[in-house]
Amino acid sequence: MRRLMGIPVAAVLLTACVTINVYFPAAEAKEAAKEFVEKVIGDDAKDVNVKPVPGDGGGMAVRAYTPGQHLLAHVDLLALVGIGAAHAQEQPDITIKTPAIQAIQARMAERFDAQLRAGFDAGALGFASDGTVVVRDAAKLALKDRVAVNQAVADDNRDRKAVYREVAVANGHPEWEAQIRDVFARQWIASARSGWWYQSGGAWKQK
């Protein structure tokens, strides 16, 4: 009987271990996104007062509650399963320093300065809420530039989707791709210069 009673406890311990160690590090992802975005947009954006993103709930990483954990409040769960507390509590870093990510970043920075910045300054382009760039008002582009800008936007959006995927994969959690995209989408808007357009709640707004 005692042996059978020990099985549920062991299961709870293993569940608690997984819950503690596997979570999306929102604060670290936000810092990584800020570093990436500001390098793409350029030094000019750093001199502008950055406004918070509407609806940004901050970077708190929430640990899930494990059923029955109040019964184990005074038990060193991690020691029992052979995992040190220091390891479990360590704040994970989100790396953006892989060759693949840095190659995409370099392409995006070059494209932004050469082809996209003028479109944002003119009000023709905007940051969409899904982390992409949109041609929101083609009339603000010179007729001779429209084909090239449309192509640049398409190329940039391919790179954006690729980098969100690469960041998730590089950090060992491909399932984080949607969360990475959401963090980056907020950061593009937060780092935008005054006068640039962004999408919020389905409507276009100007910073």
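Only the coordinates and a few stated rules stand behind these numbers; no lab work does. What you are looking at is a predicted structure, and each value in this text was computed from that prediction instead of being measured. All Cβ positions, glycine included, derive from the backbone under ideal geometry; neighbour counts span all protein chains shown.
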Fill in: Pair list, Cβ under 9 Å, 6 or more apart: region 114-138 residue more than 13 Å from I189 (Cβ to Cβ) and in contact (Cβ under 8 Å) with a residue 12 or more places away in the chain, other residue in a helix (DSSP H, G or I) and polar (S, T, N, Q)
Q115/Q151; V135/N150; A138/N150
Discussion item. Consider region 155-207. How many of its residues are of a type in the set (S, T, N, Q) and under 19 Å from E31 (Cβ atoms)?
Written reply: 4
Discussion item. Going by what's in this entry, would D121 be described as in contact with a Leu (Cβ under 9 Å, 6 or more places away or on another chain) and surrounded by fewer than 16 Cβ atoms within 10 Å (Cβ to Cβ)?
Written reply: no
Practice prompt. Could you tell me whether region 166-185 includes any residue that is more than 21 Å from D121 (Cα to Cα), more than 12 Å from the chain's Cα centre (by Cα) and charged (D, E, K, R)?
Written response: yes
